[in-house]
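The values are calculated or read from the model by the stated rules, or taken from the named source; none is laboratory data. Quantities reported herein were computed from a predicted structural model and do not represent experimental measurements. Because the Cβ atoms are built from the backbone with ideal geometry, glycine has one as well, and the counts that use them run over all protein chains shown.
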Amino acid sequence: MSLYETLFNKAKAFHGHVCPGIVLGTRLTIAGMRELGMDPLEPQRNLIVYIEIDRCGSDAVQAITGCSLGHRSLKHKDFGKFAAVFVDLETKKAVRVAVYEKKRAEHDKLDSKDVIRILGSCPEEEILKIEHVTIDIPENDIPGYPLGKAVCSICGELVMDNRHIIVDGKPVCKNCGTTSYYTVLEP
């Protein structure tokens, strides 16, 4: 079994079904790790991945790299782009791999099974753009123990990794200090 097939099967099992996103996520993860000199079959303790979309391909990235939100090694940047930046914390090398289907218009006319087959076997340069990049990773984003904690002076909830803000000289969570993404319903 080829490296692609092995990793594709791992991503498929994690995601629960096959779709073009799993194929593309597998292909971009293989490319990103290869560019950093990392073996996708081995656990990577020095890898952080910034994924730019919250679609199927992100499951492939997580399944193959082992990076996750809980380990603080998978970061989501909500750009809606099928791309990821792979960062080697030890060497500080980083590579951004983006889906850049040169034949996208043709692929859109095909059924899903044909697209999956084509994307899985076509030359990498037909579907991916690879760029070596630099990235500044804030100290609070590095995996490990939290560098700072604060209790919100309004709601009393713990805020990890210095994600609080200061309002009137007091620590406040972003939900209380800015605009919350949810509304609490009265009982």
Residue pairs within 9 Å by beta carbon, gap of at least six or interchain, first lying in the stretch 84-112 and more than 20 Å from I53 (Cα to Cα), second charged (D, E, K, R) and modelled with pLDDT under 85, listed first then second, are H107/E101
Considering residues that are touching a strand residue (DSSP E or B) at 6+ places or on another chain (Cβ under 9 Å) and surrounded by fewer than 14 Cβ atoms within 10 Å (Cβ to Cβ), the number found within the stretch 91-121 is 0
Among the residues of the stretch 147-177, which ones are assigned to a loop (DSSP other than H, G, I, E, B) and within 26 Å of the chain's Cα centre (by Cα)? L147, G148, D161, N162, R163, H164, C173
Select from the stretch 90-149 the residues that are polar (S, T, N, Q) and within 17 Å of C56 (Cβ to Cβ) and list them in ascending order. S112
For the stretch 58-83, the count of residues that are in contact (Cβ under 8 Å) with a residue 40 or more places away in the chain and either of a type in the set (G, A, S) or within 24 Å of D161 (Cβ to Cβ) (or both) equals 8
Expected single match for farther than 18 Å from H132 by Cβ and touching a Cys at 6+ places or on another chain (Cβ under 9 Å) among L74, L47, L69 is L74
If I ask for residues that are over 18 Å from M33 (Cβ atoms) and part of a loop (DSSP other than H, G, I, E, B), which ones from the stretch 101-136 would you list? E101, K102, K103, D108, K109, L110, D111, C122, P123, T134, D136
Which numbered condition trips up K109, out of (1) farther than 30 Å from E5 by Cα; (2) over 23 Å from the mean Cα position of the chain (by Cα); (3) of a type in the set (K, R)? (1)
